[in-house]
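For reference, the structure is listed below as structure tokens.
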Amino acid sequence: MTAPGRAIAGDDGLLRCPWALSAPDYLDYHDREWGRPVHGDRALYERLCLEAFQSGLSWITILRRREGFRAAFAGFDPAVVAAFTDQDVERLLADTGIIRNRAKILATIANAGALLALGDSPEDGRPGSLDELIWSFAPKPGRPPRTLADVAAVTPESTALAKELKRHGFRFVGPTTAYALMQACGLVDDHLADCHARRG
């Protein structure tokens with residue numbers, strides 16, 4: 001019998017983080033994406049927005065609507081989203097392919113503007129890109145978690161990242177959301193020690 005919270009063997013015999021085996025969508029996301037390094041402003045903007053929409057919900061809810069989000073938010077092109085109007089907000093509030101939460105929709109639009117502003121004046125102390133800002137908070141690798149109980153929800157780095165994002169005008173980016181972003185985008189590797197997807 002496997003100890004609670006430890007890696008579990010799937011039908012293929014590979015050990016995985018237990019949450020990965022709860023749904024086929026999770027299995028694919030776990031094996032191919034979660035915890036792998038993500039770079040580029042557009043890709044990180046998408047992940048940031050999706051993590052914000054996930055706040056208060058299960059990740060599977062977001063994952064199953066991901067293509068709907070991409071369609072609704074112009075492929076997460078920040079230049080396009082930053083120009084969204086009140087009419088776009090009303091359109092999004094009627095879109096059943098996404099989570100229809102006004103505050104989160106407005107945050108997504110505001111975050112596109114905040115991202116574009118990062119590159120305006122890098123010489124005045126602004127980071128030149130969202131990629132640069134987020135990855136500057138990547139901690140040094142620590143001891144691999146053995147069980148889910150060893151995985152943090154918030155860290156000093158995620159708290160600092162959330163504070164810095166907010167300072168630059170980003171919304172819906174508390175320390176827990178920031179840590180989920182760090183996990184999803186590979187700033188930290190929280191695959192369990194015995195998980196086959198762990199990066200070494």
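The values are calculated or read from the model by the stated rules, or taken from the named source; none is laboratory data. Note that this is a predicted model, so its numbers are computed, not measured. These area figures cover heavy atoms from the full protein model, side chains too; ligands, DNA and RNA do not enter into them. Shrake-Rupley method; radii C 1.70, N 1.55, O 1.52, S 1.80 Å.
Data overview
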| read-out | value |
| --- | --- |
| Cα extents of the range 28-104 along the three principal axes, largest first (Å) | 38, 25, 18 |
| Mean shadow area of the range 37-81, taken as a quarter of the surface of its Cα convex hull (nm²) | 3.3 nm² |
| Percent RCO, i.e. relative contact order, over the chain, from Cα pairs under 8 Å lying at least 6 residues apart | 30 percent |
| log10 of Debye I(q)/I(0), alpha-carbon scatterers only, for the chain at 0.08, 0.13 Å⁻¹ | -0.28, -0.72 |
| Residue-averaged [θ]222 nm for the chain, counting only DSSP H segments that reach four residues, each worth -39500 (n - 2.57) | -13000 deg cm²/dmol |
| Most to least accessible of 61, 85 (protein chains only, probe 1.4 Å) | 85, 61 |
| Spatially proximal aspartates and glutamates relative to residue 163 (Cα-Cα < 18 Å; intrachain offsets below 8 disregarded) | 51, 131, 132 |
| Percent of alpha-carbon pairs separated by more than 15 Å within the range 1-64 | 60 percent |
| Projected-area mean, the range 77-164, by convex hull of Cα positions, square nanometres | 8.4 nm² |
